[in-house]
Amino acid sequence: MKIFILTSSHNGSASYILPFLLSSKKIRISAVVLVNNISSYGSLSLKRSLRKTLKIGILGAINGLRMRKWYKGDVYDLLGSSDLRTLCSKYGLPLHEIDSGSYKETKETVKSLNADLGISLENVYIPESVFSIPNFGMINIHHELLPEYQNAQSIIWQLYNSSTKTGFTIHKINNKIDEGDILYRKTIELEFKKNLNSTVTHNYATLLKHSSLGLVSLLENYQYYDDRAYSQSSGNKYTTPNIKQMLKIYRNFYKLKKQKTALK
């Protein structure tokens, strides 16, 4: 099976997961497509961002920007992952880097790959004109449990709901975000650290490790999992928390941490 990776980050989940995939003798990664700022493409993404800001408020939006570091720089510093460009050069893997203002060049690039399957890593939205090109479409890793946590940031919404578990889901991509058929899913127990941000960072790093291994297992036995893929039931949609929700997340974090400590 000829597989490519589509990502919007040169130092993110793709750069961490890629070495796991290349270590397998059963998986053929043919290329990486890096589309800079893919999440900002088009009026649809702009409208979505405006609706989100109106929903969570300016303070919520500012808080969302503050939290980005928990899921990005802090995580990849902890994992020690390499830059995607460096990795592709090291392994002699073709890297198609696109700095376009539309999906036209992306579509043309993906078509030229003549791939069987695409893997989306760290993209916000991919139109059908792109995800439908590979013979078997595209799949995505969502670092939360589906359908319970669609479009949710990892870990914090579990805490909001007083849960001590998190997880990841590998699913097919369709026209709706995080609603495609489920191929692979795993639940993981949360490990509590001294504060919320270090807890999020540590557990997100753990999710990346588990999802990397899960993706390898899935791709090595793709037909098996594809035959058993199942559609999602009615799910729960989340976005960046507003200030009131964030305060509840902090309260629940300290409450659950105390409970966990008492059980040791």
Inset, instruction - Keeping all protein chains in place, calculate the accessible area per residue for the chain (probe 1.4 angstrom), answer in Å². - result: 49 Å²
Inset, instruction - Take the Cα coordinates of the chain, assign each an equal point scatterer, and use the Debye formula without solvent to give log10 I(q)/I(0) at q = 0.09 Å⁻¹. - result: -0.40
Legend entry - Label-to-label distance, nm, for residues given as T261 and N114 (7 Å Cα→Cβ offset): 6.1 nm
Inset, instruction - Could I have the simple spin-label model distance between K90 and S102, label points 7 Å from Cα toward Cβ, reported in nm to one decimal? - result: 3.8 nm
Legend entry - Spacing of the two label points (7 Å from each Cα toward its C-beta) at I243 and Q223, in nm: 5.8 nm
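Ignoring everything except DSSP H segments at least 4 long, calculate the 222 nm mean residue ellipticity for the chain; use -39,500 (n - 2.57) per segment, divide by total residues, nearest 500. Don't jump to the answer; show the numbers that get you there.
On the way: 10 runs with 126 residues, N = 264.
One gets -15000 deg cm²/dmol as the mean residue ellipticity at 222 nm.
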Inset, instruction - Provide, as a two-decimal number, the C-alpha radius of gyration of the range 79-131 over 2.2 N^0.38 Å, N being how many residues it has. - result: 1.28
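If you average over every viewing direction, what projected area does the convex hull of the Cα atoms of the range 176-264 give, in nm²? Show your work: numbers first, answer last.
Details: hull surface 31.7 nm².
Average of the hull's projected areas for the range 176-264 equals 7.9 nm².
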Legend entry - Percentage, to the nearest whole number, of Cα pairs in the range 80-194 over 16 Å apart: 67 percent
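Once neighbouring chains are kept in place and the probe is 1.4 Å, which whole percent of the accessible area of the chain is contributed by carbon and sulfur? Walk me through the numbers before you get to the answer.
Working: 6500 of 12920 Å².
Answer for the chain is 50 percent, counting heavy atoms of protein chains only.
The values are calculated or read from the model by the stated rules, or taken from the named source; none is laboratory data. What you see is a predicted model; the values in this text were computed from it and never measured. FYI the Cβ positions are ideal-geometry reconstructions off the backbone, even for glycines, and counts take in every protein chain you see. The area values use the complete protein model at the heavy-atom level, side chains included, leaving out ligands, DNA and RNA. Shrake-Rupley method; radii C 1.70, N 1.55, O 1.52, S 1.80 Å.
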